[in-house]
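Dropping a structure here in structure tokens format, bear with me for questions.
None of the figures in this text is laboratory data; all of them are computed from the coordinates on show. Quantities reported herein were computed from a predicted structural model and do not represent experimental measurements. Please note: Cβ atoms are built from the backbone with ideal geometry, for glycine as well, and neighbour counts cover all protein chains shown.
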Amino acid sequence: MNKISLKIEYVELDNESELNEEERTLLRKAREISNLAYAPYSNFSVGAALLLDNGIIVTGNNQENVAFPSGLCAERVAIFSAGANYPDAAIKTIAITCKSKQFIVKEPLSPCGACRQSMSEYEVRHKSHIRIILQGETGKIRIINSIADLLPFMFKAEELKK
Ligand code: THU
């Protein structure tokens, strides 16, 4: 038996003043777009803003549906929009934030598994790490270096070819 352990490194910041201007802008845009989320069922609004390597920022928010599984998370709304409009551009950074109508979110959002898998596709496709900046409504900011760190053992295209 081989016992193997995995280690990931990430950074936590106490507040936005420790971010550079580009990162602050991205987080602000994620917050702004979260305010336009359509989340009447969960009352939980998520916003994502991603920076492409061509300098363009693409945003998205969660879009819920009365048939619950038909809705889509903010991250996928944003990355699919980027993929549709700028197919050749790599995603450099994605900022994701959230707020609830029922409580104050003090912890950084943790992207759901389906969004991690969806984001991993773009990291693999463009052979370029996507940096992830996460924050709740207030509180610490968590920065992770790549989607691969968030999703070890991700499903990859090679598995289709074996
Ligand atoms: N949600 C996101 O937009 N992103 C995530 O990573 C987790 C959850 C949305 C889906 C749903 O509209 C609401 O948050 C509550 O789950």
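Nearest 20 debye, what's the magnitude of the dipole of the chain about its Cα centre given +1 on Lys and Arg Cβ and -1 on Asp and Glu Cβ?
The calculation lands at about 400 debye.
Take every Cα pair under 8 Å in the chain that's 6+ residues apart, average their separations, divide by the length, and report that relative contact order as a whole percent.
The value is 22 percent.
Let's test the formula: R0 of 41 Å, r as the Cβ-Cβ distance of Glu159 and Ser17. What FRET efficiency results, to the nearest 0.05?
0.40
Any idea what the alpha-carbon Rg over 2.2 N^0.38 Å comes to for region 1-72?
Normalised by 2.2 N^0.38 Å, the Cα Rg of region 1-72 equals 1.53.
Roughly how many Å is it from the Cα centre of region 84-162 to that of region 12-33, as a whole number?
16
Counting helices only, and only those DSSP H runs with n ≥ 4, report the 222 nm mean residue ellipticity of the chain as the sum of -39,500 (n - 2.57) divided by its residues, in deg cm²/dmol to the nearest 500.
One gets -8500 deg cm²/dmol as the mean residue ellipticity at 222 nm.
Taking all pairs of different Cα atoms in the chain, averaging 1/r and flipping that mean, what Kirkwood radius in angstroms comes out?
16.2
In whole percent, what relative contact order does region 25-93 give with Cα contacts below 8 Å and a gap of six or more residues?
It rounds to 29 percent for region 25-93.
Considering the options Leu51, Leu134, Ala78, tell which one lies farthest towards the positive end of the dipole of region 11-151, charges being +1 on Lys and Arg and -1 on Asp and Glu at the Cβ, about the Cα centre.
With unit charges placed on the Cβ atoms, the residue in question is Ala78.
Taking one equal scatterer on every alpha-carbon of region 48-127, how large is log10 of I(q)/I(0) by Debye at q = 0.15, 0.16, 0.24 1/Å?
For region 48-127, the Cα-only Debye profile gives -0.55, -0.62, -1.19.
Then there's this: Using a Gaussian network model of the chain whose springs link C-alpha atoms within less than 10 Å, name the residue from Arg125, Arg31, Arg142 with the highest mean-square fluctuation.
With Cα springs under 10 Å in the chain, the top fluctuation among Arg125, Arg31, Arg142 is at Arg125.
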